[in-house]
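A.B. asks: Let me begin by handing over the structure; questions about it come next.
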Amino acid sequence: MTKLHFKAVIEIYNGNPYVLMSPVRALALQKGWRKPMPVTVQINGKPDKPWRINMMPIGDGSFYLYLHGNVRKASKTGVGDTVTVDVAFDEQYYNGPMHPMPDWFQEGLNENVKANKAWKNLIPSRQKEILRYFSGLKSPQAKERNLQKALHVLSGHDDRFMARTWKDGK
């Protein structure tokens, strides 16, 4: 497995801190990869267990390596800092949701045909993002509030949910 070790400056794009992964480095990790690339990352040797994330393609062979808040917190770094980056292709990655479908969400989808159809038509990464978010909800009130909001946007209503604008169930 190829592991890259290099220095870079943390930059920001659309409010998201990232490190730019050049086309040459991306090719060294995985030849010919054009979709989101699963990697593990450490910044300045932190967190202790490398963080799993997908690098996002820019279109010219380079990738944005977005840095999750937990990674920045563990490494005590921020935008503008020069950091040491350790990144490797995530050989353990598998496509599809990592978190199970909560019963309360499945029941809501079963009762709403339009929302269920939109859910099935969502790209896998969006499904994965929603299930990951739902897995962190604890209180019955939070689950109910998010269920209603998810069913609302999946039913085709234009609205905001999970920090994005939804239109026509997408």
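Nothing in this text is a laboratory measurement; each read-out follows from the coordinates by a stated rule. Keep in mind that what you see is a predicted model, and the values were worked out from it rather than measured. Note: ideal-geometry Cβ built from the backbone for every residue, glycine included; neighbour counts use all protein chains shown.
A.B. asks: Give the residue list of trypsin sites (Lys or Arg not before Pro) in the range 128-169 that are DSSP loop and have at most 13 other beta-carbon atoms within 10 angstrom. Each step should come with its number before you reach the end.
C.D. replies: Working: sites: Lys128, Arg132, Lys138, Lys143, Arg145, Lys149, Arg160, Arg164, Lys167; in loops: Lys138, Lys167.
Taking the range 128-169 and a limit of 13 other Cβ atoms within 10 Å, the loop trypsin sites (Lys or Arg not before Pro) found are Lys138, Lys167.
A.B. asks: If I stretch the segment between Glu107 and Lys143 completely, what's the gain in nm (0.36 nm per residue apart, minus their alpha carbon distance), one decimal? Don't jump to the answer; show the numbers that get you there.
C.D. replies: Numbers: separation 36, 0.36 × 36 = 12.96 nm, distance 1.24 nm.
11.7 nm is the gain from fully extending Glu107 to Lys143.
A.B. asks: Mind checking which of Ile123, Phe134, Ala150 is farthest towards the positive end of the range 103-166's charge dipole, using Cβ charges of +1 (Lys, Arg) and -1 (Asp, Glu) about the Cα centre?
C.D. replies: Positive-end residue among those listed: Ile123.
A.B. asks: Which of the three applies to the range 55-151, rounded, prolate or oblate, going by the alpha-carbon gyration tensor with a ≥ b ≥ c and a/c under 1.5 meaning rounded?
C.D. replies: Prolate shape, in that a/c is at least 1.5 and a/b is the bigger ratio.
A.B. asks: Please tell me the relative contact order of the chain in percent, rounded to the nearest whole number, where contacts are Cα pairs under 8 Å and at least six residues apart. Before the final figure, lay out each step's value.
C.D. replies: Details: 272 pairs, mean separation 35.3, N = 170.
Once normalised by length, the contact order is 21 percent.
A.B. asks: A follow-up question, please. How large is ³J(HN,Hα) for each residue in the range 71-84, as worked out from phi by the Karplus curve 6.51 cos²θ - 1.76 cosθ + 1.60 (θ = phi - 60°), to whole Hz, x for Gly and Pro?
C.D. replies: With the stated coefficients, the range 71-84 comes to 5, 5, 5, 4, 8, 6, 10, x, 4, x, 6, 8, 10, 9 Hz.
A.B. asks: Give me the percent relative contact order of the range 103-166, please, defined on Cα pairs under 8 angstrom at least 6 residues apart.
C.D. replies: On the way: 39 pairs, mean separation 24.9, N = 64.
For the range 103-166, the relative contact order is 39 percent.
A.B. asks: Compare Pro50, Pro102, Pro17 in a GNM of the chain, Cα atoms joined below 10 Å, and give the one with the largest fluctuation.
C.D. replies: The residue with the greatest mean-square fluctuation here is Pro102.
A.B. asks: When Rg/Rh (Cα atoms, Kirkwood Rh) is calculated directly from the model, which label among (1) 1.02; (2) 1.84; (3) 1.43 fits?
C.D. replies: So the structure-derived entry is (1).
A.B. asks: Quick one: Karplus J couplings for the range 156-163, per residue in order, coefficients 6.51, -1.76, 1.60, θ = phi - 60°, nearest Hz, x for Gly and Pro?
C.D. replies: For the range 156-163, the Karplus curve yields x, 7, 6, 6, 10, 7, 6, 6 Hz.
A.B. asks: Okay, moving on. Given contacts defined as C-alpha pairs under 8 Å and at least six residues apart, what's the relative contact order of the range 3-89, whole-number percent?
C.D. replies: RCO, the range 3-89: 45 percent.
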